[in-house]
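Trainee: Please read through the structure below; I'll follow up with questions.
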């Protein structure tokens, strides 16, 4: 809900605004109440980017748009998802409720007295009463329309997190090398911003986002065909791949631990017998987190980070002078052709490995369209992105289930040697459920693969690949 916020100006004080309103509109002003407030956001400032923050008052969390303290939304169990609420600040203010009414309509608001400023907040409403109220205010006092920026109600902690860069429109004739290096640098910067969150073990999403931005960086590097003869290109791909692999086990353990409640629910009466395994996995995860934390703080990691920056800088002056259009054409043909080849290999009895390869190829095409889609045929790109997004659920769930069944196979071997905390009966029941569910997930993955074989998708894919045969994109 939008708000009109008024503060003292060179011409009028807040009390003068109130006097003006009460002279012209029937209203009520409540008693002054002291509020002790705490403010929360995600580690990466998801809500702050929208001008919002979660406010905690008397153990109740609501979403507000400071300096207004009127709730925009109530706190729900899914508000933060897998991210942990991070305290960003606190404030002590005094608040008076405010309401005006006329002809059956009303406008509510607040008078907020903070440490150094007093604000008058009116919650925007629709209708003739709101229009007449604001029109009268504008006619009477012009200065409120051009006030200086409002004081922030609280000072958030500086996490150092900066959002993705804003880029100008992409032109096919621009330098492809400059395009790749700049965007690679941005993805690398975003990945590194999550390092502190991983070291502090804020939540699992920090590691996930770190890996997502690393994958995007690797995707950008992989399309740099103008560097094929440059050893710096090969080395950069190697370093980024090693950085990704260092966190594979920690991410797998995070995903498994997140899945455990649903796995326990599969075994009525026996689920509790999986608790020792849960405890063991958390102990293992804690040890792996310590290893990753030590690695992130190590000299070899800092050397690798410095090497990524140096190699990217070196590549800026190397390679053939490809334009963005030439890079896009090559990327469309490579990613599109790779997916087309994978689709031809997938049939009703396709082995699991082919379905996993199809998922990888689909993801590569999606990353390519994220980077170069504006240079492809608009209608084809729109269709491809919509279907690719739809197909990822089934293929991704099948991949997760396959990984879990493989991990349980390792646990079974450890159980046979007396080295697993799994209770044998509960483990046998769980493995039986998962093998059966694996077949169900496989059918879902095959169904989603068929969406990639539809005439609509194939036609769009062929148009994208064909667009890569021209020099004009």
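Trainee: For segment 154-258, what does the relative contact order come out to in percent, with C-alpha contacts under 8 Å and a separation of six or more? Each step should come with its number before you reach the end.
Mentor: Details: 67 pairs, mean separation 24.3, N = 105.
Once divided by the residue count of segment 154-258, the mean separation gives 23 percent.
Trainee: At q = 0.15, 0.19, 0.20 Å⁻¹, what is the base-10 log of I(q)/I(0) for segment 173-318 according to the Debye formula with one equal point scatterer per Cα and no solvent? Please give it to two decimals.
Mentor: -0.79, -1.07, -1.15
Trainee: Now for a separate question. When you have a sec, figure out the Kirkwood radius of segment 1-81 from all distinct Cα pair distances and drop it here in Å to one decimal? Don't jump to the answer; show the numbers that get you there.
Mentor: Numbers: mean 1/r = 0.0662 Å⁻¹.
Result for segment 1-81 stands at 15.1 Å.
Trainee: Consider just the alpha-carbon atoms of segment 323-473 and return their Rg together with their Dmax, both in angstrom.
Mentor: Expressed in Å, the Cα Rg and Dmax of segment 323-473 come to 19.4, 65.
Trainee: Using only Cα atoms, what is the ratio of the radius of gyration of segment 242-365 to 2.2 N^0.38 Å?
Mentor: Details: Rg = 21.7 Å, N = 124, 2.2 N^0.38 = 13.7 Å.
For segment 242-365, the normalised Cα radius of gyration comes out at 1.58.
Trainee: Report the FRET efficiency, 1/(1 + (r/R0)^6), for residue 455 and residue 353, where r is their Cβ-Cβ distance and R0 is 25 Å, rounded to 0.05. Don't jump to the answer; show the numbers that get you there.
Mentor: Numbers: r = 27 Å, r/R0 = 1.07.
So the FRET efficiency works out to roughly 0.40.
Trainee: Hey, another quick one. With runs of 4+ DSSP H residues as the only contributors, calculate the mean residue ellipticity of the chain at 222 nm using -39,500 (n - 2.57) per run, divided by the residue total and rounded to the nearest 500. Mind dumping the intermediate values first?
Mentor: Details: 14 runs with 261 residues, N = 473.
Computed ellipticity for the chain at 222 nm equals -19000 deg cm²/dmol.
Trainee: So, one more: Tell me, what is the percent relative contact order of segment 323-473, built from C-alpha pairs under 8 Å that lie six or more residues apart? Present the calculation step by step, with values, prior to reporting the outcome.
Mentor: Numbers: 140 pairs, mean separation 64.2, N = 151.
Once normalised by length, the contact order is 42 percent.
Trainee: Right, another one. For the ranges 285-294, 231-240, what's the packing order if you count other beta-carbon atoms within 10 Å of each residue, average per peptide, and put the highest first?
Mentor: The packing order, highest mean first, is 231-240, 285-294.
Trainee: Take each of the peptides 361-368, 17-24, average the number of other beta-carbon atoms within 10 Å over its residues, and list them starting from the highest.
Mentor: Working: 361-368: 21.9, 17-24: 15.4.
With the highest mean Cβ count within 10 Å placed first, the list reads 361-368, 17-24.
Trainee: Give the relative contact order (percent, whole number) for segment 3-146; include only Cα pairs under 8 Å separated by 6+ residues.
Mentor: Working: 237 pairs, mean separation 40.6, N = 144.
Dividing the mean separation by the residue count of segment 3-146 yields 28 percent.
Trainee: Could you tell me the extents of segment 3-146's C-alpha atoms along the three principal axes, largest first, rounded to whole Å?
Mentor: Largest to smallest, the principal-axis extents are 49, 32, 30 Å.
Trainee: Let me ask something else. If you line up the long axis of helix 176-193 against the longest principal axis of the chain, both from Cα atoms, how many degrees apart are they, to the nearest 10?
Mentor: Helix 176-193 sits roughly 70 degrees off the main axis of the chain.
Trainee: With the calculation restricted to Cα positions, what are the radius of gyration and Dmax of the chain in angstrom?
Mentor: In order Rg, Dmax, the Cα atoms of the chain give 28.3, 85 Å.
Trainee: Working from Cα positions, state the angle (0 to 90°, nearest 10) between the long axis of helix 352-372 and the longest principal axis of the chain.
Mentor: Between the helix axis and the principal axis of the chain, the angle is about 50 degrees.
FYI, it's all coordinate maths here, none of it is from the lab. Every value quoted in this text rests on a predicted model; they were computed, and no experiment measured them. Reconstructed Cβ throughout: ideal geometry from the backbone, glycine too, with neighbour counts over all protein chains shown.
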